[in-house]
Amino acid sequence: MTENPPVLEARSISMSFGGVQVLDEVDLPIRPGEVHGLIGENGAGKSTLVKILAGVHQPKNGKIILGGEPVRIINPNAAIGMGIALIHQEPLTFPDLDVAENIFIGHQPMRGGIRRIDWRKMYAQSAEILGTLGVNLDPRAKVRGLSVADQQMVEMAGALSQNAKILLMDEPTAALTPNEVEDLFVIIRRLREQGSAIVFISHRLEEIFEISDRITVLRDGKWVGERFPKETTTEEIIHMMVGRPLSTLFDRGDNYKIGALVLEVEGLSRIRKFQDITLDVRAGEIVGLAGLVGAGRTDVARALFGVLDIDEGIVRIGGELVEIKEPSDALALGMVYTPEDRQHDGLLMPMSVSSNMTLAALEEVSNGYWLNQRVEHNHAQEYVDKLQITLRTLDQPIRELSGGNQQKAGWGKWLMVEPGIILLDEPTRGIDIGAKAEVHRLIGELAAQGMAILMISSELPEILAMSDRIIVMREGRITGQFTREEATAARIIAAATGQVLEDA
């Protein structure tokens, strides 16, 4: 079958920032009526490449070919004039304007002969565009009250209002629920059928395989290869992304020993959250806590750390009965908790890396009431080295680090207090494959040092590969417990969904 020629093409694009090469002679052909998946680890150059195509950055070398002719895209306005629109991970909308005003911002229809907005025409055209997308939104509704998914629809409608035929979508599903992702995919498929050319960036491999017609892989700013989803496998794509096979990414290893009981929980309950939770974790052991979203796993971890009160139950640490009413009690007992939402609950994003990493150990880096910055930097640098955190300087805002490095910096904050128990809530949520491998390595090392780890994860491969035992929750109750040898994906899913699995 003859392929459509590219409508937009990046040829030998190179780019550097501050002397750091982020793209090195990368090619990307974008064809009409096709979704082109673009994947790679954090720092692979994906976002930089689409920003070049959208006029946000100017390449150091290379060419951009549009409709068979070389072009120079000097800014985003020039890009949209050429039919190229960038859809951001966080929608760029004006919350106090209504949907129609956002769709037509900067190019509102005017009344003939009078420089006044033709409101009736603008609302009618907005409704028509939204109907084309299959989106049920009121053009007069204020954007402030819309979900992130609906705001993305508004941004896409705005692109179509300017006749954009090439959509560059940079992590559009990062903040969406599974149902919202499916709704977005319906719209992407509709646009593809209408002849639009779409670049889709995601770190979620299952999404890339579901929505893409072809896949391009970048690694360390270089083009690695192009594959058709039906002719490749997840294992091959991961190998292309990180330069090593899948089996090395989810590997607990064999060099560990499980010791004495450290954490014991009996009959833990909180009304409308969870009931009769009984579990234990030993030194050097990783206990996986599996289940569907809303099963109550996070509430259990928060209760153990003193964030939530409990109604019933007892907790023992090291065989001693303890009472944990607030996080400071847990810390004093050697228990720490890394939350799922690190940006809102785990880190202070505007503050420096060193300030974040020493938050739980201020007494060690202070002279009375005064912070000793030299000591703070020394402590932070020690854990930056231990955790292999990639950064420019300890003084840079932590928000500038990649997701995986933010995660490791958040762990460094707790490791400074030398805990014996770590509660990990979705430790690899929102980070790419390569960063996951580093996090898994770190979890294994902490367990090998004798720490007791309770790990919440919604990723079955992660739970199965990293856990010594697996506990499954459903609707606030424990519905299954499996040893490493007993655990299978089918058994975990059955316990999480309330199904009866008949073993062959």
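The values are calculated or read from the model by the stated rules, or taken from the named source; none is laboratory data. Note that the structure is a prediction, hence the values are computed from the model and not measured. Cβ coordinates were reconstructed from backbone atoms using ideal geometry, including for glycine residues, and neighbour counts include every protein chain displayed.
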Open item on the list: One residue is enough: does segment 18-28 have a residue meeting the conditions modelled with pLDDT of 95 or more and polar (S, T, N, Q)?
Closed with: no
- [ ] Can you tell me which residue within segment 365-386, out of those that are of a type in the set (Gly, Ala, Ser) and either touching a Gly at 6+ places or on another chain (Cβ under 8 Å) or farther than 16 Å from residue 417 by Cβ (or both), is surrounded by the most Cβ atoms within 10 Å (Cβ to Cβ)?
- [x] 380
Task: Single unsatisfied condition, residue 453 versus (1) part of a helix (DSSP H, G or I); (2) of a type outside the set (Asp, Glu); (3) touching a helix residue (DSSP H, G or I) at 6+ places or on another chain (Cβ under 9 Å) - done: (1)
- [ ] Test residue 173 against the criterion of being within 19 Å of residue 48 (Cα to Cα), among the polar types (S, T, N, Q) and touching a residue at least 60 places away in the same chain (Cβ under 8 Å), and give yes or no.
- [x] no
TODO: Scan segment 58-77 residue by residue and report those that are under 31 Å from the mean Cα position of the chain (by Cα) and without any contact (Cβ under 8 Å) to a residue 40 or more places away in the chain.
DONE: 58, 73, 74, 75, 76, 77
TODO: Identify the single condition in (1) modelled with pLDDT of 85 or more; (2) closer than 22 Å to residue 385 by Cα; (3) out of contact with any Leu (no Cβ under 8 Å at 6 or more places or on another chain) that residue 443 does not satisfy, given that it satisfies every other one.
DONE: (3)
Open item on the list: Filter segment 301-321 down to the residues that are crowded, with 17+ Cβ neighbours inside 10 Å and not in a strand (DSSP E or B) and list them by number.
Closed with: 301, 302, 303, 304, 305, 306, 307, 310
TODO: Report yes if some residue within segment 354-364 is assigned by TED's automatic domain parsing to the domain that holds residue 399, surrounded by fewer than 18 Cβ atoms within 10 Å (Cβ to Cβ) and free of Cβ contacts under 8 Å to residues at least 24 places away in the same chain; otherwise report no.
DONE: yes
- [ ] Please specify each residue of segment 268-300 satisfying the condition of being assigned to a strand (DSSP E or B), closer than 29 Å to residue 256 by Cα and touching a residue at least 40 places away in the same chain (Cβ under 8 Å).
- [x] 277, 278, 279, 281, 282, 286, 287, 288, 289, 290, 291
TODO: Identify the residue in segment 103-132 that is among the β-branched types (Val, Ile, Thr) and in a loop (DSSP other than H, G, I, E, B) and, among all such residues, is farthest from residue 184 (Cα to Cα).
DONE: 114
TODO: Out of the residues in segment 460-478 that are under 13 Å from residue 440 (Cα atoms) and out of contact with any helix residue (DSSP H, G or I) (no Cβ under 8 Å at 6 or more places or on another chain), state the one that is surrounded by the fewest Cβ atoms within 10 Å (Cβ to Cβ).
DONE: 461
Open item on the list: Looking at segment 467-497 only, could you name the residues that are hydroxyl-bearing (Ser, Thr, Tyr) and either assigned to a strand (DSSP E or B) or modelled with pLDDT of 95 or more (or both)?
Closed with: 479, 483
TODO: Could you grab me the full set of residues in segment 226-245 that are of a type in the set (A, V, I, L, M, F, W, C) and either surrounded by 15 or more Cβ atoms within 10 Å (Cβ to Cβ) or not assigned by TED's automatic domain parsing to the domain that holds residue 62 (or both)?
DONE: 237, 238, 240, 241, 242
Task: residue 52 vs. criteria assigned to a loop (DSSP other than H, G, I, E, B) and either surrounded by fewer than 22 Cβ atoms within 10 Å (Cβ to Cβ) or β-branched (Val, Ile, Thr) (or both) - done: no
Open item on the list: It is to be established whether one or more residues within segment 445-452 are over 19 Å from residue 175 (Cα atoms) and under 22 Å from the mean Cα position of the chain (by Cα).
Closed with: no
Open item on the list: For segment 90-122: of the residues being crowded, with 19+ Cβ neighbours inside 10 Å, without any contact (Cβ under 8 Å) to a residue 60 or more places away in the chain and of a type outside the set (Gly, Ala, Ser), which is farthest from residue 175 (Cα to Cα)?
Closed with: 122
- [ ] Please state which one of 392, 399 is without any contact (Cβ under 8 Å) to a residue 12 or more places away in the chain, outside the structural domain of residue 450 (by TED's automatic domain parsing) and either in a helix (DSSP H, G or I) or basic (Lys, Arg) (or both).
- [x] 392
